[in-house]
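Here's the structure, in structure tokens; my notes come after.
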Amino acid sequence: MKGKSRGFLIEAQITLIAILLAFLVGGVIIALMGENPFRAYGALLQGAFGSPVALSYSLTKAVPLIFTGLAVAVATRCTVFNIGAEGQLLMGAMAAGLVGVYVDLPMVIHIPLCILAGAAAGFLWAGIAAALKFARNVHVVIATIMLNYVATFFVQYLVNGPFKEENSTISGTARIAGSAQLPLLFPRPMSLNIGFILAIIMIFVCWFLLKKTTAGYELRAVGLNANASRTSGINIKKNMFLALLISGALAGIGGAVEVQGSIYRVVDGFSPGYGFNGIPVAMMAHGNPVAVFFSAFLLGAMRNGALNMQIQVGVSQDIVDIIQGLVLIFLGCDYMIRYYLEHGTKKGGKADA
């Protein structure tokens, strides 16, 4: 138990160091642009946390990132690199949107049905990549990346073609029925809806699955050592297939919640890359479902505060993408940071002795 606690602490330190270094380098870039990095970051923080309304928007932007972060995290725990969360999210959003527009049911049935439709669409879209892998040995990374493009153009066709709202200038479906919309947790102008509660529930469902069930043990065992797992009688292919399907369902729910709780229709280009952003969310969390909440909240808050930074200071919102990329780069230095932390601690302990 002590070893596990120490490992978790080191992973948390690695993530924190990577984030701090990314913001430090980002500050240097802002200074080179001729702006004051302290003013820029101050405006960013104000836009993200400066009022209850700002905080609610930061949490709202974190919700789809929680789902895609969980999607990537669950898959990677079984060494399945699902790069297709974006496509799975889009298909989930489309399925939920269509059920929300064309099905008429009481709210108590309509809302869960839309969410299930989103989960099923993401599940099936990930299933295509899983089938290609195990039927034709197509690499999961290649298959999921290509399916992102297919999903993007397919949804684009649907919202501009057969399911486009009549007599509308918007490239999107009609507005979903009120019975399919997720209720707000607080009155307007707050934006947080019960999709946030669902995201928290799914965090603990994923944690329970991975930590407390036989299926989760097998998923983690395959991720830690596939050869040893095979020797122990664990079916490697079955677990990798299952991990990818669960991952797709989680991303699909993220798309459904975004449609039902924020935009109320499927619009061409509604996702600013939630699926792709799930990758740094999962990396910062080191695959830990509980830690996904904090990394998703950080990125959601940054994206929410970026507009205020651009308006007040004149620093482009794109600096957030630069910082996010820098976080990934520094997380890629995991072994170097880990070596410093572990050996530095040991040297310090000897010195104290």
Could you identify which residue out of R220, R338, R265 has the top mean-square fluctuation in a GNM of the chain using Cα springs shorter than 10 Å?
R338
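What list do you get for E342, E165, E86 if you sort them by fewest beta carbons within 10 Å?
E342, E165, E86
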Go through V281, V103, L192 and say which Cα lies farthest out towards the positive end of the charge dipole of the chain; charges sit on Cβ, +1 for Lys and Arg, -1 for Asp and Glu.
V281
What ranking do T213, T144 get, fewest neighbouring Cβ atoms within 10 angstrom at the top?
T213, T144
Taking only Cα atoms and a 10 Å spring cutoff, compute GNM fluctuations for the chain and point out the largest among L209, L55, L219.
L209
Helix-only estimate, please: 222 nm mean residue ellipticity of the chain, summing -39500 (n - 2.57) across DSSP H runs of length 4 or more and dividing by its residues, to the nearest 500.
-25500 deg cm²/dmol
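If you average the sequence gap of Cα pairs under 8 Å that are 6 or more apart and divide by the length of the chain, what percent do you get for the contact order? Don't jump to the answer; show the numbers that get you there.
Details: 606 pairs, mean separation 124.9, N = 353.
For the chain, the relative contact order is 35 percent.
Taken together, the values in this text are just the output of simple stated rules run on the coordinates, not laboratory data. All values reported here derive from a predicted model rather than from experimental measurement. Cβ sites come from the backbone with ideal geometry, for glycine too, and all protein chains shown count toward neighbours.
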